[in-house]
1. Hey, rough spin-label estimate for T17 and N271, points 7 angstrom out along Cα→Cβ, what's it come to in nanometres?
2. Please give the charge dipole size of region 204-337, origin at the Cα centre, charges +1 on K and R Cβ atoms and -1 on D and E Cβ atoms. Round to the nearest 20 debye.
3. Taking the Cβ of each residue in V207, V41 as the centre, tally the other Cβ atoms inside 10 Å and list the residues starting with the fewest.
4. Taking the Cα centre of region 217-378 as the origin and placing charges on Cβ (Lys, Arg +1; Asp, Glu -1), which of L357, P323, N247 is farthest toward the positive end of the dipole?
5. Of the options T65, N98, P33, report the single residue whose Cα projects farthest towards the positive end of the charge dipole of region 29-134 (beta-carbon charges: Lys, Arg +1; Asp, Glu -1).
6. At 0.36 nm per residue, and after removing the present C-alpha to C-alpha distance, how many nm does the segment from D10 to E168 gain when stretched out fully?
7. Charges on Cβ only, +1 for Lys and Arg, -1 for Asp and Glu, centred on the Cα centroid of region 118-201; of G146, A128, T186, which one is farthest towards the dipole's positive end?
8. For region 3-206, rounded, prolate or oblate, judged on the Cα gyration tensor with a ≥ b ≥ c (square roots of eigenvalues), a/c < 1.5 rounded, else prolate if a/b > b/c?
Amino acid sequence: MSFDELGLSDKVLQAVTASGYTQPTPIQAQAIPHVLSRRDVLGIAQTGTGKTAAFTLPMLTLLETGRARARMPRTLILEPTRELAAQVEENFVKYGVNHKLSVALLIGGVSFADQDMKITRGVDVLIATPGRLLDHFERGKLLLTGVELLVIDEADRMLDMGFIPDIERIVKLTPFTRQTLFFSATMPPEIQRLSDKFLSNPVKVEVARPASAAQTITQRLVATGHEPAAKRETLRELIREAVDLQNAIIFCNRKRDVAVLHRSLLRHKFNAVALHGDMDQRARMIALDAFRTGESKILVASDVAARGLDIPAVSHVFNYDVPHHAEDYVHRIGRTGRAGRSGAAFTLVAPGDEKSLSAIEKLIGVDVPWQGQTVREAGFEPERPARGRGRRTGGRPAEPQPERAETTSRRREERPEGRETPRREPAAPRGAGKGEGRRRERDRERDDSFETPSFGDHIPAFLLRPAVIKTKK
């Protein structure tokens, strides 16, 4: 099947041909005709299958008739992250080269005034993240009563990021006569409930088993120790020994680890950039552009880069941490092996990751082979819990201590008359011995007779002054 058979307009077909595409992907071939016939669509496909073009191309055809009105967008596309929203805008610019359509992008990290100016002029396509969209709406700068077509992209990612209440509120602000397109890579029960609520007699388009990995990706597990230095060393060895490595994305579970690992790679002369949610929008776009253009060969990222980013030529993916959620593994390794290309995905497994790994293998339906020895065969010891006094820290339980109040009162009774109340010792001066201050603190902790300091026998003069109460004449 070719694009000519899908019912797209001549302007769209010209732009597609100019981009070098001749045959649609399965999700595009099945979804585009239903979108053009104004049906609600529930699309389920693994990442990297061309879902963005599946709704971008028919939208351009539908928008050729009609015009935009001030503050009332004709179509609305909701994305979970700024990067995905910016990428969808790039698709409209790329395929809408023969159209005179106005496109606005509402994301964080950009001036409200510039975005408001575009909305005021009227936009045909509004691409937004939920938070910034509601900010504009609450300021009275935006009306959603003119939305003809609503697209909810990466719905499962919306769920993970806690955007579902915002999505439900936004949907209620749009007309019930709208056309709704709902795309997701996985279909957990919560997403199924939302699709039943938002869609009216939808056409379900499923081109791959939910949460499945592409067959073109070679997956391997690599055993490592839990110490950060050991994991970083293992990762560097994998990068150096990787076959045909053109570029790579390294995923970490925490933003803090992204920054630490990025600095470590730079110290070891690797050409790397970092991407995580705490970076401002300008820095994030600079990092992505450097990676896309090949200026930087390695991108160290959190899961903000795991979904939807269109970087087709990624040769390798390294999971520095085993993801906590099994679905995130599918999205991470889906950054490689796209558009029929081959790719490789390596996951570092440390002691304690067995439960998460088991959930991943259960989800994808295959046992990922090990490269070399397993964690148990390699003899890596599990991480020891930090020692502490209580059970919360995982250490030994604290020894029972007598009640402080009872001990203090008992010793007060045994103290001979006329003895002054013990005073808190002054802090050790800077010139004192190294362990002096700490030793005194330990002695106080052991000594139950130590009391909270008070005035003792001395009463300050201000407490002896008679109280004067002024009364109105």
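Only the coordinates and a few stated rules stand behind these numbers; no lab work does. Values in this document were obtained by computation on a predicted structure and should not be read as measured data. Glycine also receives a Cβ, built like all others from the backbone with ideal geometry; neighbour counts cover every protein chain displayed.
1. 3.8
2. Values: 20 positive and 16 negative charges, 38 e Å.
Charge dipole of region 204-337: 180 debye, to the nearest 20.
3. Working: V207 19, V41 25.
Lowest to highest Cβ neighbour count: V207, V41.
4. Final value for the positive-end residue is N247.
5. T65
6. Values: separation 158, 0.36 × 158 = 56.88 nm, distance 3.61 nm.
Separation in residues times 0.36 nm, less the Cα-Cα distance, equals 53.3 nm.
7. G146
8. Details: a/c = 1.57, a/b = 1.13, b/c = 1.39.
In terms of gyration-tensor shape, oblate.
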